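A short write-up of the structure that comes next.
What follows is calculated from the coordinates using simple rules that are stated; it is not laboratory data. Being a predicted model, the structure only gives us computed values, none of them experimental. Note that each Cβ is placed from the backbone with ideal geometry, even for glycine, and that neighbours are counted across all protein chains shown.
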Amino acid sequence: MQGVVGAGGLETPGYPIFAGFPPRNTAQRQSWMQTLASQESTLIFYESCHRVVDSLSDMLLVFGPTREGVIARELTKLHETFLRGSLELLIERVQEDANQRKGEFVILIAGAACQSEQRVEVDVEQMLVTLLAELPLKQAVALASKMTGMKKIIYINRHLRSLRPKL
């Protein structure tokens, strides 16, 4: 299993989650996948050639078309293949090539975006003004820099520009 995860190349915080075979029934499969959708770790599924297209279609629906995945087919055998890309691309590739629907499958799905990776747009000017109303310049700049990842000098320059008289 670790060989597949390593060869798949999907980044994952912590350990991957082995989910096993998805349920056969479409409604049950979608509901089951929905419980896994917010996991930040890579998800590992087994699937048979008879249901791989159905499972990939449900993954596309539940996890979204842009979620990255890997299909590892016929591991340790002559026709071993790895397909990597968005779920949308993977299902396209499997549907257009009948050979990609043969054999045994291990499907890796990238974990949901970490909360720390999700960005929020912030009006940095307003944030600096708010911080400066409560803190000395040095502390306000340090805190703003820590919150946004921007260099302190940028905030100092913005503050100095705001002090200049408008012409």
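Taking 0.36 nm per residue of separation and subtracting the Cα-Cα distance, full extension of the segment from L137 to I154 would add 4.8 nm.
Nothing charged except the Cβ atoms of Lys and Arg (+1) and of Asp and Glu (-1): what's the magnitude of the dipole of the chain about its Cα centre? Round to the nearest 20 debye.
800 debye
When the chain is described by a simple charge dipole with +1 on each Lys and Arg Cβ and -1 on each Asp and Glu Cβ, the residue from H79, M127, A27 located farthest towards its positive end is M127.
With the chain treated as a Gaussian network of Cα nodes joined by springs under 10 Å, which of A144, A37, A19 yields the largest mean-square fluctuation? Result for the chain, Cα springs under 10 Å: A144 fluctuates most. Binning the C-alpha pair distances of region 124-163 at 5 Å intervals from 0 yields a P(r) profile of 5, 29, 42, 21, 2 %, listed from the shortest bin outward.
With coordinates expressed along the principal axes, the C-alpha atoms belonging to region 2-114 extend over 36, 31, 22 Å, beginning with the largest. Among beta bridges identified by DSSP and lying wholly in region 2-114, the antiparallel ones come to about 85 percent.
Going by C-beta contacts inside 10 Å, put T12, T35 in order with the fewest on the left.
Numbers: T12 17, T35 10.
Neighbour counts put them in this order, fewest first: T35, T12.
Nearest 0.05, what FRET efficiency do Q34 and L163 give at R0 = 45 Å with Cβ-Cβ as r?
Values: r = 53 Å, r/R0 = 1.18.
It comes out at approximately 0.25.
Could you calculate the contour length gain from M147 to Q95, that is, 0.36 nm times the residue separation minus the distance between their Cα atoms, to one decimal place in nm? Before the final figure, lay out the partial values.
Values: separation 52, 0.36 × 52 = 18.72 nm, distance 4.53 nm.
My answer for the length gained is 14.2 nm.
In the elastic network of the chain, a GNM with C-alpha springs shorter than 10 Å, the most mobile of E47, E96, E68 is E96.
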